[in-house]
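My structure is below; once you've seen it, I'll send some questions.
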Amino acid sequence: MSASFKEQLVAAIPMLRGFARSLSGNHDRADDLVQETLAKAIANRDKYRMGTNLHAWLVTILRNQYYSEGRRRWREVSDAEGTYAARLVERPSHSAHLELREFMAALQVLPDEQREALVLVGASGLSYEEAAQVLGTRVGTVKSRVSRARSRLDHMMAGRETFDRDDATVARSAARLRRALSA
C-alpha cells in the first residue's frame, strides 16, 4: 500500500466520521462504521483507481456497510436475556419417552425367537441372510419371524392387543435389547 494512499485514508477519517454520525445518529456506531469502512478500503485497495475521488469511494463503502447492517439488523431480534429465544423452543413432550417404554414392554411380550429376529434385522441392521446365520436357521424362517413380530408389535402399539406394561418388564426388555445390540 502506497504512502500516499495511507495518507489520504487518514485525512478522510474526520469526513467519514461526520458522515457516519449523520447516518447512524450514534457516536459509537459511527466509529464502528468508519473502522469497517477503512478495513474494507484497505482490503480492496486493488479496486481503487488512483486519480479518482477517494472520498466518494470511501463514502460509498461506508454507506453500503451502513445499509447492509441495517437490513441485517432489521431481521434480527434484540434478545439479550433470551426471552424471545425461549419462546421459540419447543418443550420436549414426555410422549416420546412413554412411547419408547411402551414399545420396550411390547417387545418383551414377543416370543424370544421373534424378538431376536426382529432385533437382529431391525435394530442391528443385519440382512436376513446374516441374521439366519447368527440364529442357525433358514432365511425364510427369519423373514417369517420378523414379519410376525412386526405385525404383533403393530397390534400392541395400536392398542388392539393388551400386554403387561409394568416397569420390571420394561427394565428386563431394555436390558435384553442392549445385550442383543452389543453382541
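Identify all residues within segment 115-133 that are part of a helix (DSSP H, G or I) and surrounded by 16 or more Cβ atoms within 10 Å (Cβ to Cβ); write none if there are none.
ARG115, GLU116, ALA117, LEU118, VAL119, LEU120, VAL121, TYR128, ALA131, ALA132
Still on this structure, please answer the following. What residue, among those in segment 100-110 that are of a type outside the set (D, E, K, R) and in contact (Cβ under 8 Å) with a residue 12 or more places away in the chain, is surrounded by the fewest Cβ atoms within 10 Å (Cβ to Cβ)?
Among those that are of a type outside the set (D, E, K, R) and in contact (Cβ under 8 Å) with a residue 12 or more places away in the chain, it is PHE103.
Any idea how many residues of segment 32-49 are touching a residue at least 24 places away in the same chain (Cβ under 8 Å) and of a type outside the set (Gly, Ala, Ser)? Before you say what the answer is, go through the steps one by one.
Keep residues of segment 32-49 that are touching a residue at least 24 places away in the same chain (Cβ under 8 Å), which gives 33-34, 36-38, 40-42, 45, 48.
Of the ones still in play, those that are also of a type outside the set (Gly, Ala, Ser) are 33-34, 36-38, 40, 42, 45, 48.
The total comes to 9.
If I ask for residues that are surrounded by fewer than 12 Cβ atoms within 10 Å (Cβ to Cβ), over 16 Å from ALA11 (Cβ atoms) and modelled with pLDDT of 85 or more, which ones from segment 48-67 would you list?
Correct list: TYR67 only.
If you scan segment 19-31, which residues turn out to be exposed (fewer than 12 other Cβ atoms within 10 Å of the Cβ) and either assigned to a helix (DSSP H, G or I) or outside the structural domain of LEU54 (by TED's automatic domain parsing) (or both)? Talk me through it step by step, then tell me what you get.
Let us first name the residues in segment 19-31 that are exposed (fewer than 12 other Cβ atoms within 10 Å of the Cβ), namely 22, 25, 27-28.
Scanning segment 19-31 gives SER22, HIS27, ASP28.
Do we have VAL119 as aliphatic (A, V, I, L, M), at pLDDT below 85, under 37 Å from the mean Cα position of the chain (by Cα) and assigned by TED's automatic domain parsing to the domain that holds SER22 here?
no
Taking segment 145-164 as the search range and keeping residues that are over 35 Å from the mean Cα position of the chain (by Cα) and surrounded by 14 or more Cβ atoms within 10 Å (Cβ to Cβ), which one is modelled with the lowest pLDDT?
Here the residue is PHE163.
I'd like to know if segment 82-99 contains one or more residues that are surrounded by 15 or more Cβ atoms within 10 Å (Cβ to Cβ), under 30 Å from GLY159 (Cβ atoms) and either at pLDDT 85 or above or assigned by TED's automatic domain parsing to the domain that holds ALA158 (or both). Explain how you work it out, then say what you get.
Narrowing segment 82-99 to residues surrounded by 15 or more Cβ atoms within 10 Å (Cβ to Cβ): none.
No: zero hits.
The values are calculated or read from the model by the stated rules, or taken from the named source; none is laboratory data. Predicted model only: the values in this text are computed from it and were never measured. Because the Cβ atoms are built from the backbone with ideal geometry, glycine has one as well, and the counts that use them run over all protein chains shown.
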